[in-house]
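Colleague: If you scroll down you'll find the structure; I have some questions about it.
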Amino acid sequence: MMVTIILALFATTLIQGMVCGAVYDYGAYDSTRDNFRPGTFPDDFIWSTATASYQIEGAWNVDGKGESIWDRFSHTPGKVDRGDTGDVACDSYNKYREDVQLMKAMGLKYYRFSLSWPRIFPDGTVAGGVNQAGVDYYNNVIDELLANGITPMVTLYHWDLPQALQDRYGGWVNETLVDHFNDYADFVFQTFGDRVRYWITFNEPWAVCVVGYGLGFHAPGIQDSGNSTYLCGHTLLKAHARAWHSYDQNFRRDQGGQVSITLSSGWTEPFDPDLPADVVAADRSLQFQMGWFAHPIYTSEGDYPPAMKDIILRKSLAQGFQESRLPKFTPAEIANISGTYDFFGLNHYSSGIVKDKVLTGQYPVFWTDQDLKSTVAPEWPQAASSWLYSVPWGIRRLLHYIKQHYNDPDIYITENGWSEEEADPPILEETGRLCFYMGYINEVLKAIDLDGVKVRAYTAWSLMDNFEWAEGYTERFGLHCVNFTDPNRPRTPKQSAGFYKDVIANNGFPEGAEVTAMVRSRWEECRGGPGGSNPSQRRALSSLLPSHRDVQLSDNMYNMYNM
Ligand code: NOJ
């Protein structure tokens, strides 16, 4: 009898996996995982760096700009480390010409930056009037880039919502914002679209909704995980689709550009790849990060991922709700959202290891909805950011997963990078960041060459140190160091800027190139092999590429979420 029950449970889990189309071949690639692969990227490959308006511009109340939710949030005591704000940040409002020269010196041909909505529409609405000084600023940035041979890639929303829309409507939980976002999008397509060909509607809807409307660690600081989180996602999907259709109908013919969204996702490995429940849980974790937005947009059936719909409905009913806390799309909305992309924008940084675990709770919580525990391998090197570990092969697996599950799209990696702690004197020779970029960029090459993934662009986050949200200036992601205590905010290239420049100049790692020899000579050190000179790095990196079967996991190592 017992055996029958166990077999039945096992079969159910397997079937769930198959129904979701979820089972990923975790055994693939192991033979090439550890090796450096020399070679070059496709001729038209795009090398880029990125920033975002609130993180670099400063000038928060200058020349008619309206207040954003991040202005309000960072001015509220206790919300950001040390009380740091983006009031001045990198002062790119005044120093954008210098920024363009930094890019030029690295040989960059693309730059991803974002527009501050309240700099253009101070109260977020067209009715409230346009701020011409804001429009002039972005015209100047775009013209400066083009004059220097750099193609702009523009994000419409990188988290700095006009505060007026938060105050008036409660922000992204209110569907009225779909109209306002569309008015704003229409205006910027109209105004800048003669020169901008690459558009991203939203940066990381997951972070907007989970961290801003669930955990409350980011602006607007709402703590309502499990309700507002999903409402926010619902609005963002509709707003994205609406703006995509606007471009498609009104601008595409004349402007010939592309519009998509940037999704964030870590890679997840099952704790025990031989245990179907862990395999399904690893996939479920991806569905709650990437699939939440990718399934409605990038699959022909559209709508939220079945794994998400099923589990949230089940949990909601058990908690006494009449219906699922995950809102429902009508069939017309599903059809309207499906296919609203021209490429897949991906922000990827880290990986995790996931174990199936039934979590019960009386209250709605995004995390307990997922029925899993997540942790990391103890050997993965950790960045200054608590959630960021270096796992280069994770990006290759994620890229392959996107190819398989989302219609083999053109993929633009719109962010990838590594943080170090703020230090005095600043760290300009960085082992961790160099190893990170070597490993990750090489894995992207493998994804293209060995797996046939259509990766078109790689973007390093970030051009320079900047305001790292709730962590203020304590975590540094820049290829250039910025001195935030100097009113002139001087920028200094780090070693990684030189490395990236060499990669760009060689379009990768061709045999015979100096950069290739350099990567070869440091590869073992970065992996913690016998050539390693830095003991802590060697220890940390010794299992950079472990077989996940060897990972030791003890109860006290479980973190709820570390990705
Ligand atoms: C994702 C966000 O888009 C960006 O704003 C942030 O600074 C980086 N990740 C690093 O956390």
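The values are calculated or read from the model by the stated rules, or taken from the named source; none is laboratory data. Just so it is clear, the model here is predicted, and its values are computed rather than measured. Glycine also receives a Cβ, built like all others from the backbone with ideal geometry; neighbour counts cover every protein chain displayed. Heads up: the accessible areas ignore ligands, DNA and RNA and are worked out on the full protein's heavy atoms, side chains in. Shrake-Rupley method; radii C 1.70, N 1.55, O 1.52, S 1.80 Å.
Okay, residues lined up against (1) within 19 Å of Asn347 (Cα to Cα); (2) touching a Cys at 6+ places or on another chain (Cβ under 9 Å); (3) within 16 Å of the ligand (Cβ to nearest atom):
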residue: Ser260; (1), (2), (3): yes, no, yes
residue: Phe271; (1), (2), (3): no, no, no
residue: Val279; (1), (2), (3): no, no, no
residue: Ala294; (1), (2), (3): yes, no, no
residue: Tyr298; (1), (2), (3): yes, no, no
residue: Met308; (1), (2), (3): no, no, no
residue: Ile334; (1), (2), (3): no, no, no
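Colleague: Which pairs do you get when a residue that is on the phi > 0 side of the Ramachandran plot, found in the range 301-322, comes within reach of a residue that is at pLDDT 95 or above and in a loop (DSSP other than H, G, I, E, B), reach meaning Cβ atoms under 7 angstrom, with the pair 6+ apart or on two chains?
Modeller: Correct list of pairs: Gly302/Ser338; Asp303/Phe329.
Colleague: Could you list, in sequence order, all residues of the range 80-115 that are in contact with a helix residue (DSSP H, G or I) (Cβ under 9 Å, 6 or more places away or on another chain), closer than 19 Å to Arg476 by Cα, of a type in the set (D, E, K, R) and not in a helix (DSSP H, G or I)?
Modeller: Asp84, Asp87, Asp91
Colleague: If Thr368 satisfies all but one of (1) open to solvent by 20 Å² or more (accessible area, probe 1.4 Å); (2) closer than 21 Å to Lys403 by Cβ, what's the number of the condition it fails?
Modeller: (2)
Colleague: Looking at the range 356-370, can you tell me whether even one residue there is modelled with pLDDT under 95 and under 29 Å from Arg476 (Cα atoms)?
Modeller: Yes, the range 356-370 contains at least one residue that is modelled with pLDDT under 95 and under 29 Å from Arg476 (Cα atoms).
Colleague: Of the residues Ser114, Ser92, Ser48, Ser68, which is within 16 Å of the ligand (Cβ to nearest atom) and under 22 Å from Gly216 (Cβ atoms)?
Modeller: Step by step, each of Ser114, Ser92, Ser48, Ser68 is checked, and only Ser68 is within 16 Å of the ligand (Cβ to nearest atom) and under 22 Å from Gly216 (Cβ atoms).
Colleague: Now for a separate question. Is one or more of the residues making up the range 133-143 in contact with a strand residue (DSSP E or B) (Cβ under 8 Å, 6 or more places away or on another chain) and either among the aliphatic types (A, V, I, L, M) or modelled with pLDDT of 95 or more (or both)?
Modeller: yes
Colleague: Another question, if that's okay. May I ask you to list the residues in the range 298-340 that are open to solvent by 70 Å² or more (accessible area, probe 1.4 Å) and assigned to a loop (DSSP other than H, G, I, E, B)?
Modeller: Ser300, Glu301, Phe321, Gln322, Glu323, Lys328
Colleague: Against the conditions (1) in a strand (DSSP E or B); (2) more than 30 Å from Arg456 (Cα to Cα), where does Gly345 fall short? Just the number, please.
Modeller: (2)
Colleague: Just checking, which of Gln223, Gln255 is under 20 Å from Tyr110 (Cβ atoms) and touching a Gly at 6+ places or on another chain (Cβ under 8 Å)?
Modeller: Going through Gln223, Gln255 in turn, just one is under 20 Å from Tyr110 (Cβ atoms) and touching a Gly at 6+ places or on another chain (Cβ under 8 Å): Gln255.
Colleague: Out of the range 220-249, which residues are under 18 Å from Thr330 (Cβ atoms) and of a type in the set (D, E, K, R)?
Modeller: Lys238, Arg242
Colleague: OK, next. Return yes or no: is Asp424 surrounded by fewer than 20 Cβ atoms within 10 Å (Cβ to Cβ), at pLDDT 95 or above and over 19 Å from Leu479 (Cβ atoms)?
Modeller: In short, no.
Colleague: Tell me which of these Arg195 doesn't satisfy, since it passes every other one: (1) in a strand (DSSP E or B); (2) open to solvent by 20 Å² or more (accessible area, probe 1.4 Å); (3) not hydroxyl-bearing (Ser, Thr, Tyr).
Modeller: (1)
Table: residues versus (1) in a strand (DSSP E or B); (2) open to solvent by less than 20 Å² (accessible area, probe 1.4 Å); (3) within 16 Å of the ligand (Cβ to nearest atom); (4) under 19 Å from Phe251 (Cα atoms).
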position: Gly149; (1), (2), (3), (4): no, no, no, no
position: Val154; (1), (2), (3), (4): yes, yes, yes, yes
position: His180; (1), (2), (3), (4): no, no, no, yes
position: Phe189; (1), (2), (3), (4): no, yes, no, yes
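Colleague: Determine whether Glu443 is open to solvent by 10 Å² or more (accessible area, probe 1.4 Å), of a type in the set (Asp, Glu) and out of contact with any Asp or Glu (no Cβ under 6 Å at 6 or more places or on another chain).
Modeller: In short, no.
Colleague: Now a separate question. Would a scan of the range 98-111 turn up a residue that is open to solvent by less than 20 Å² (accessible area, probe 1.4 Å) and without any contact (Cβ under 8 Å) to a residue 60 or more places away in the chain?
Modeller: So far as the range 98-111 goes, yes, one or more of its residues are open to solvent by less than 20 Å² (accessible area, probe 1.4 Å) and without any contact (Cβ under 8 Å) to a residue 60 or more places away in the chain.
Colleague: Something else: Look through the range 202-241, keep the residues that are hydrophobic (A, V, I, L, M, F, W, C) and farther than 22 Å from Ser53 by Cβ, and return whichever of them is nearest to the ligand (Cβ to nearest atom).
Modeller: Leu215
Colleague: Which one of these is in contact (Cβ under 8 Å) with a residue 60 or more places away in the chain, assigned to a helix (DSSP H, G or I) and out of contact with any Ser or Thr (no Cβ under 7 Å at 6 or more places or on another chain): Arg253, Arg242?
Modeller: Of Arg253, Arg242, the one residue that is in contact (Cβ under 8 Å) with a residue 60 or more places away in the chain, assigned to a helix (DSSP H, G or I) and out of contact with any Ser or Thr (no Cβ under 7 Å at 6 or more places or on another chain) is Arg242.
Colleague: Could you look through the range 44-74, keep only residues that are aliphatic (A, V, I, L, M) and assigned to a loop (DSSP other than H, G, I, E, B), and pick out the one that is surrounded by the most Cβ atoms within 10 Å (Cβ to Cβ)?
Modeller: Of everything passing the filter in the range 44-74, Ala52 is surrounded by the most Cβ atoms within 10 Å (Cβ to Cβ).
Colleague: Out of Ser385, Ser390, Ser419, Ser350, which single residue is of a type in the set (Ser, Thr, Tyr), within 16 Å of the ligand (Cβ to nearest atom) and out of contact with any strand residue (DSSP E or B) (no Cβ under 6 Å at 6 or more places or on another chain)?
Modeller: Criteria check complete, one pass: Ser390.
Colleague: So, in the range 441-479, exactly how many residues are hydroxyl-bearing (Ser, Thr, Tyr) and within 10 Å of the ligand (Cβ to nearest atom)?
Modeller: Qualifying residue count for the region: 1.
Colleague: Restricting to the range 372-393, name every residue that is under 14 Å from Cys526 (Cα atoms), surrounded by 23 or more Cβ atoms within 10 Å (Cβ to Cβ) and of a type in the set (S, T, N, Q).
Modeller: Ser390
Colleague: What single numbered condition from (1) in contact (Cβ under 8 Å) with a residue 60 or more places away in the chain; (2) open to solvent by 10 Å² or more (accessible area, probe 1.4 Å); (3) among the basic types (Lys, Arg) fails to hold for Lys454?
Modeller: So the condition that Lys454 fails would be (1).
Colleague: Conditions: (1) under 24 Å from the mean Cα position of the chain (by Cα); (2) part of a loop (DSSP other than H, G, I, E, B); (3) away from the ligand (no atom under 16 Å from the Cβ). Asp486 meets all but one. Number of the miss?
Modeller: Result: Asp486 passes all but (1).
Colleague: Please determine, by comparing only the residues of the range 398-421 that are over 16 Å from the mean Cα position of the chain (by Cα), on the phi < 0 side of the Ramachandran plot and among the charged types (D, E, K, R), which one is most open to solvent (accessible area, probe 1.4 Å).
Modeller: Selected residue: Glu421.
Colleague: Touching a His at 6+ places or on another chain (Cβ under 8 Å) and within 24 Å of Arg242 (Cβ to Cβ), is that true of Asn347?
Modeller: No, not satisfied.
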